[in-house]
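Peer 1: Quick one: structure below, then a few questions.
Where a number appears in this text, it was derived from the coordinates with a stated rule and is not lab data. These numbers were taken from a predicted model, which means no experiment stands behind them. Quick reminder, even Gly has a Cβ in these numbers, built from the backbone with ideal geometry, and neighbours come from all protein chains shown.
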Amino acid sequence: MKPDFTLDCYGLLCPMPVFKASQKIKELETGQILEIISNDDGIKTDIKAWCEKTGNELLKIDETDGEYHTYVRKLATDE
């Protein structure tokens with residue numbers, strides 16, 4: 001999966017990765033994919049809840065050695 005933009009949130013703790021994702025996704029076009037890189041395991045539940053709330057699509061979360069790569073497709077036109 002090739003993201004349109006990668007947001008590095010490594011080292012940031014909840015709620016900052018989701019907060020930064022919320023800001024960045026507003027800059028993307030509908031249909032584009034945002035990758036969020038984080039080492040905070042809270043991202044797994046936080047990003048899912050955020051996507052449900054905002055109408056964006058959580059595509060997948062890959063975890064390798066405590067590093068999470070989360071992929072979100074922008075569907076919502078208004079956050």
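Peer 1: Looking at 15, 25, 47, which one has the Cα that reaches farthest to the positive end of the dipole of the chain (charges on Cβ: Lys, Arg +1; Asp, Glu -1)?
Peer 2: About the Cα centre, the residue reaching furthest to the positive side is 25.
Peer 1: Also, quick follow-up: List the trypsin sites (Lys or Arg not before Pro) within region 10-74 that DSSP assigns to loop and that have no more than 15 neighbouring Cβ atoms inside 10 Å.
Peer 2: Taking region 10-74 and a limit of 15 other Cβ atoms within 10 Å, the loop trypsin sites (Lys or Arg not before Pro) found are 26.
Peer 1: Hey, could you pull the Cα Rg and Dmax for the chain, both in Å?
Peer 2: Cα only, the chain: 11.1, 35 Å (Rg, Dmax).
Peer 1: Still on this structure, please answer the following. Report, in debye and to the nearest 20, how large the dipole of the chain comes out about its Cα centre when Lys and Arg carry +1 and Asp and Glu carry -1 on their Cβ.
Peer 2: 220
Peer 1: Another question, then. Residue 40: net charge of surrounding residues, Cβ under 11 Å, Lys/Arg +1, Asp/Glu -1, itself excluded?
Peer 2: Here the charged neighbours net out to -2.
Peer 1: Another question about this same structure. For the chain, what proportion of DSSP beta bridges, expressed in % and rounded to the nearest 5, is antiparallel?
Peer 2: Bridges in the chain that DSSP calls antiparallel: roughly 75 percent.
Peer 1: Add +1 for every Lys or Arg and -1 for every Asp or Glu among the other residues with Cβ under 12 Å from the Cβ of residue 63, and state the total.
Peer 2: Taking every other residue near residue 63 into account, the sum is -3.
Peer 1: Say each of residue 65 and residue 6 gets a label point 7 Å from the Cα, pointing the same way as Cα to Cβ; how far apart are those two points in nm?
Peer 2: It is 1.5 nm.
Peer 1: Moving on to the next point. If you stretched the chain out fully between residue 49 and residue 29, how much longer would it get, using 0.36 nm times the residue separation minus the C-alpha to C-alpha distance?
Peer 2: 5.1 nm
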